Amino acid sequence: MMLTVKLAARRQIRTLLTPDQQKKMDEEIAYVARNGKEPGVNKGRNKKTAKMETPSDVFADQESLSNAIQNYAALSLEERRSMLLQIKEAALRESNQLNSEQRKKLEATIQELKK
């Protein structure tokens with residue numbers, strides 16, 4: 001998902017650049033799309049530090065992330081739909097942390113996104 005967000009932001013910024021800068025940006029976009037990371041970025045970060053220390057509210061977390069994606073103007077409609085579907089499906093996989101109302105809401109939203 002981060003790759004999609006990065007590429008969308010670059011597309012939006014590109015129109016503001018000079019032709020020389022656009023060429024460099026295009027090369028970087030191609031590299032990121034091909035490799036899934038920016039040149040020089042260490043993808044093997046310490047996974048222990050990435051883990052959350054406190055338990056989270058799966059439903060509230062997916063709602064918050066979904067709202068952020070809905071409001072991110074750089075994403076195309078298809079990128080937005082795809083990301084929302086991934087988020088909702090991931091939250092549903094954690095169904096043991098959801099109540100029946102939350103589960104039903106997620107299932108309905110997933111069906112709507114798949115149309």
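Miscellaneous remarks
- Residue that is hydroxyl-bearing (Ser, Thr, Tyr), over 22 Å from residue 10 (Cα atoms) and either outside the structural domain of residue 8 (by TED's automatic domain parsing) or modelled with pLDDT of 90 or more (or both), where the choices are 82, 64: 64
- Selected residue (criterion: modelled with the lowest pLDDT) from residues of region 1-49 that are of a type in the set (Lys, Arg) and under 27 Å from residue 70 (Cβ atoms): 37
- Evaluation of residue 77 against (1) within 28 Å of residue 14 (Cα to Cα); (2) in contact with a helix residue (DSSP H, G or I) (Cβ under 9 Å, 6 or more places away or on another chain) (one fails), failing number: (2)
- Filtered residues of region 71-114 (kept if touching a Ser or Thr at 6+ places or on another chain (Cβ under 9 Å) and outside any helix (DSSP H, G or I)): 75
- Residue in region 100-114 that is in contact with a helix residue (DSSP H, G or I) (Cβ under 9 Å, 6 or more places away or on another chain), at pLDDT 90 or above and loosely packed, with under 12 Cβ neighbours inside 10 Å present: yes
The values are calculated or read from the model by the stated rules, or taken from the named source; none is laboratory data. Since we're looking at a predicted model, the values are computed, not measured. For neighbour counting, all protein chains shown are included, and Cβ atoms are generated from backbone atoms with ideal geometry for every residue, glycine included.
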